[in-house]
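Worksheet: one structure, shown below.
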Amino acid sequence: MSSILDNNPGLAYDVAQVAEAAGYLWQKGWAERNGGNITVNITEHVTDEIRNMPAISPVYPIGVTLPNLKGCYFYCKGTNKRMRDLARWPMENGSVIRILDDCASYEIIADNPVKPTSELPSHLSVHNYLIGKGSNYKASLHTHPIELVAMTHCKKYLEKDVATRLLWSMIPETKAFCPRGLGIIPYQLPGSNELAEATIKELGDYDVTIWEKHGVFAVDTDIMNAFDQIDVLNKSAQIYICAKNMGFEPDGMSDEQMKEMTVAFNLPK
Ligand code: 13P
Ligand code: ZN
């Protein structure tokens, strides 16, 4: 069977990266059943041939109007599809969609009519926001990392930047590789427009946000970079919890050590 990936190395590479990242999410235990979702803005790889491809689905409403997405194309994980399956068969467990000219609806064009993730309002609202501010970020990733989600069950860590400072202080590199920290988003219904709006608000200040008692939502230039930001934060959360399990409160890096690190790596304050 022919695929939209045929003769399009740029697009094939992006989708292969998504599949690789999906495998990591499963291996880490962050992707139970259909948990988590990925979208990538693939518009830069779209050829005339792709633009002329007919729809293979009805037109679906997005639920919000997103003016910057006119003529954009996205690879999306399918709703109810498993990351562990997507890792091996990305075009059977996800699809490519085209945003229509009304900026409020989309259709599936390839390879199979796999309905996109239930978190599409959040993902597409975020892409609309990123394009609007001229960002070169193309990928957004939602996943359920165990230790970071556990922390959101405690009010203390839901206060602004409390978790960020704690996690940064567990290993020097955490701030270097997640320099904007972790934005906190109070609980909202999964898949809702309210969750999408709250996420965009926090992305002004953070690349990685956490949905209380649910999961992380991160953006970056590509899917591997988005994954890495979550991975370094969750590693710090594991170190914190590991120390607590050994029966002590970890010291964390001192303010002076954090300051030295910030200057040496030229990081934002
Ligand atoms: P989907 O299977 O619709 O992508 O949902 C998974 C999820 O994590 C919802 O928040
Ligand atoms: Zn989720």
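The values are calculated or read from the model by the stated rules, or taken from the named source; none is laboratory data. Bear in mind the structure is a predicted one, so any value in this text is a computation, not a measurement. Methodologically, a virtual Cβ is constructed for each residue, glycine included, from the backbone with ideal geometry; neighbour enumeration extends over all protein chains shown. To get the accessible areas, we keep the full protein, side chains included, count just its heavy atoms, and leave off ligands, DNA and RNA. Shrake-Rupley method; radii C 1.70, N 1.55, O 1.52, S 1.80 Å.
Consider segment 227-244 and keep the residues that are of a type outside the set (A, V, I, L, M, F, W, C) and open to solvent by 20 Å² or more (accessible area, probe 1.4 Å). The one that is farthest from TYR24 (Cα to Cα) is LYS244. Does segment 242-252 contain any residue that is part of a helix (DSSP H, G or I), within 20 Å of GLU159 (Cβ to Cβ) and more than 16 Å from ligand 2 (Cβ to nearest atom)? Within segment 242-252 (the criterion being part of a helix (DSSP H, G or I), within 20 Å of GLU159 (Cβ to Cβ) and more than 16 Å from ligand 2 (Cβ to nearest atom)), the answer is yes, since at least one residue qualifies. Looking for something within 16 Å of ligand 2 (Cβ to nearest atom) and part of a helix (DSSP H, G or I) - is there at least one such residue anywhere in segment 84-92? The answer is yes, given that some residue of segment 84-92 is within 16 Å of ligand 2 (Cβ to nearest atom) and part of a helix (DSSP H, G or I). Counting residues in segment 162-185 that are in contact (Cβ under 8 Å) with a residue 40 or more places away in the chain, over 29 Å from ASP255 (Cα atoms) and in contact with a Phe, Trp or Tyr (Cβ under 7 Å, 6 or more places away or on another chain) gives zero.
Of the residues making up segment 4-16, just one is open to solvent by less than 30 Å² (accessible area, probe 1.4 Å) and either of a type in the set (S, T, N, Q) or modelled with pLDDT under 95 (or both), namely ASN8.
Which residues, taken from segment 117-150, are crowded, with 20+ Cβ neighbours inside 10 Å, under 18 Å from CYS178 (Cβ atoms), within 16 Å of ligand 2 (Cβ to nearest atom) and of a type in the set (A, V, I, L, M, F, W, C)? Within segment 117-150, VAL126, LEU141, LEU148, VAL149 qualify. Taking segment 189-209 only, how many residues are within 16 Å of ligand 2 (Cβ to nearest atom) and in a loop (DSSP other than H, G, I, E, B)? Here the count works out to 4. If I filter segment 151-161 down to residues being touching a residue at least 40 places away in the same chain (Cβ under 8 Å) and open to solvent by less than 40 Å² (accessible area, probe 1.4 Å), which single residue comes out as farthest from ASN234 (Cα to Cα)? Per the criteria, the residue is THR152.
Here's the yes/no breakdown for (1) open to solvent by 30 Å² or more (accessible area, probe 1.4 Å); (2) of a type in the set (S, T, N, Q):
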{"position": "ILE171", "(1), (2)": "yes, no"}
{"position": "THR174", "(1), (2)": "no, yes"}
{"position": "PRO179", "(1), (2)": "yes, no"}
{"position": "GLN188", "(1), (2)": "yes, yes"}
{"position": "GLU194", "(1), (2)": "yes, no"}
{"position": "ASP205", "(1), (2)": "yes, no"}
{"position": "ILE210", "(1), (2)": "no, no"}
{"position": "ASN225", "(1), (2)": "yes, yes"}
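So which helices (runs of 4 or more DSSP H) stay within segment 104-188 end to end and still have 3 or more residues that are more than 17 Å from GLY204 (Cβ to Cβ) and among the hydrophobic types (A, V, I, L, M, F, W, C)?
146-151, 162-168
Filtering segment 68-77 for residues that are of a type in the set (Ser, Thr, Tyr), surrounded by fewer than 17 Cβ atoms within 10 Å (Cβ to Cβ) and out of contact with any Asp or Glu (no Cβ under 7 Å at 6 or more places or on another chain) leaves an empty set.
Of all residues in segment 97-131, those satisfying the criterion of being among the β-branched types (Val, Ile, Thr) and within 16 Å of ligand 1 (Cβ to nearest atom) are ILE97, ILE108, VAL114, THR117, VAL126. Is there any pair with a first residue in segment 52-75 that is under 15 Å from ILE42 (Cα atoms) and a second that is among the basic types (Lys, Arg) whose Cβ atoms are under 7 Å apart and which are 6 or more apart or on different chains, and what are they? Matching pairs, first to second residue: TYR73/ARG98. Of all residues in segment 212-223, those that are of a type outside the set (Lys, Arg), open to solvent by 10 Å² or more (accessible area, probe 1.4 Å) and within 16 Å of ligand 1 (Cβ to nearest atom) total 2. Each residue in segment 210-237 was checked for being in a helix (DSSP H, G or I) and away from ligand 2 (no atom under 16 Å from the Cβ), and 11 pass. Only one entry in ALA31, ALA19, ALA55 is in a loop (DSSP other than H, G, I, E, B) and open to solvent by less than 20 Å² (accessible area, probe 1.4 Å), namely ALA31.
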